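Notes follow the structure.
Computed from the coordinates by the stated procedures, all read-outs in this text should not be read as laboratory data. Note that this is a predicted model, so its numbers are computed, not measured. When we count neighbours, we look across all protein chains shown, and the Cβ atoms used for this are built from the backbone with ideal geometry, even at glycine.
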């Protein structure tokens with residue numbers, strides 16, 4: 001049975017990083033109703049086993065289907081690389097998923113050296129290997145697992161001395177090898193963009209695929225005639241599998257206004 005046009009859109013991540021994607025969806029589709037799940041009680045996904053990640057993703061997708069969503073956005077590169085093919089095999093609604101923006105980076109770089117910042121699971125994934133094989137033949141792709149970035153964002157520590165030190169530790173080696181373009185291969189990382197820019201300077205391009213994911217979601221809904229016909233601003237619903245008080249504080253900070261978070 002097809003979902004109604006005013007059915008919600010489900011968006012999830014291992015934690016609060018996917019809010020960077022949710023912001024782009026809200027900007028592009030102001031009338032849609034959105035339901036966001038932060039799986040913070042089981043985060044980070046980046047250093048967990050494939051079975052663990054797949055089980056969590058299946059649980060969340062089944063929750064979304066129980067809420068009769070019309071589409072699901074996997075706002076997590078690690079979840080995409082590990083679980084999305086399996087989810088699409090049985091899920092009854094479209095699944096739009098992240099992948100590191102290696103193709104746009106290949107078109108953008110002038111030095112021919114691109115740095116991809118991501119989690120350990122994403123960097124070791126077949127998905128990233130495929131993207132490099134398809135788009136990276138004529139350039140050097142430097143893969144960097146940025147341990148600690150996700151945790152800084154989950155704590156709301158987006159700036160400050162400790163965060164800057166961590167960013168320098170991960171990014172300066174890439175600049176020393178000639179990288180002129182950095183791909184944010186984890187949805188948490190755009191929240192560190194201010195600190196990243198302060199470290200790398202204005203001559204380094206930073207590519208964030210979040211807006212492209214929002215455009216793909218709009219295209220998929222349009223193709224199915226499922227864009228809402230409502231003209232009023234859509235609602236937002238937030239859930240977390242972690243500490244709800246902490247989630248409410250961090251999500252309000254990152255979303256830019258106070259929100260209510262319920263327990264998943």
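Across the stretch 20-64, the residues whose backbone nitrogen lies under 15 Å from the label position 7 Å along the beta-carbon direction of residue 232 are 31-34.
Dividing the C-alpha radius of gyration of the stretch 124-264 by 2.2 N^0.38 Å, with N its residue count, gives 1.27.
Between the entries [x] 177; [y] 123; [z] 134, the label attached to volume of the Cα convex hull per residue in Å³ calculated for this structure is [y]. Just checking the listed ones, 206, 25, 72: in the Gaussian network model of the chain with Cα springs under 10 Å, the one fluctuating most is 206. Against the chain, whose longest principal axis comes from its Cα atoms, helix 210-223 is set at around 40 degrees. Helix 77-88 and the long axis of the chain differ in direction by around 40°, with both axes built from C-alpha atoms. Computed from Cα atoms alone, the Kirkwood hydrodynamic radius reported for the stretch 102-207 is 13.8 Å. Each of residue 55 and residue 111 was given a label point 7 Å from its Cα along the Cα-to-Cβ line. The distance between the two points is 4.3 nm. Between residue 263 and residue 90, residue separation times 0.36 nm minus the direct Cα-Cα distance comes to 59.7 nm. With respect to the chain, whose longest principal axis is taken over its alpha-carbon atoms, helix 126-135 is tilted by about 60°. Applying 0.36 nm per residue to the separation of residue 252 and residue 203 and subtracting their alpha-carbon distance, the gain on full extension is 14.4 nm.
Our note on the geometry: Cα centres of the stretch 82-114 and the stretch 209-241, 18 Å apart. Available extension along the chain between residue 126 and residue 219 is 30.9 nm, counting 0.36 nm per residue and deducting the alpha carbon span. Entry note, the chain: relative contact order of 29 percent, from Cα contacts under 8 Å with a spacing of 6+ residues.
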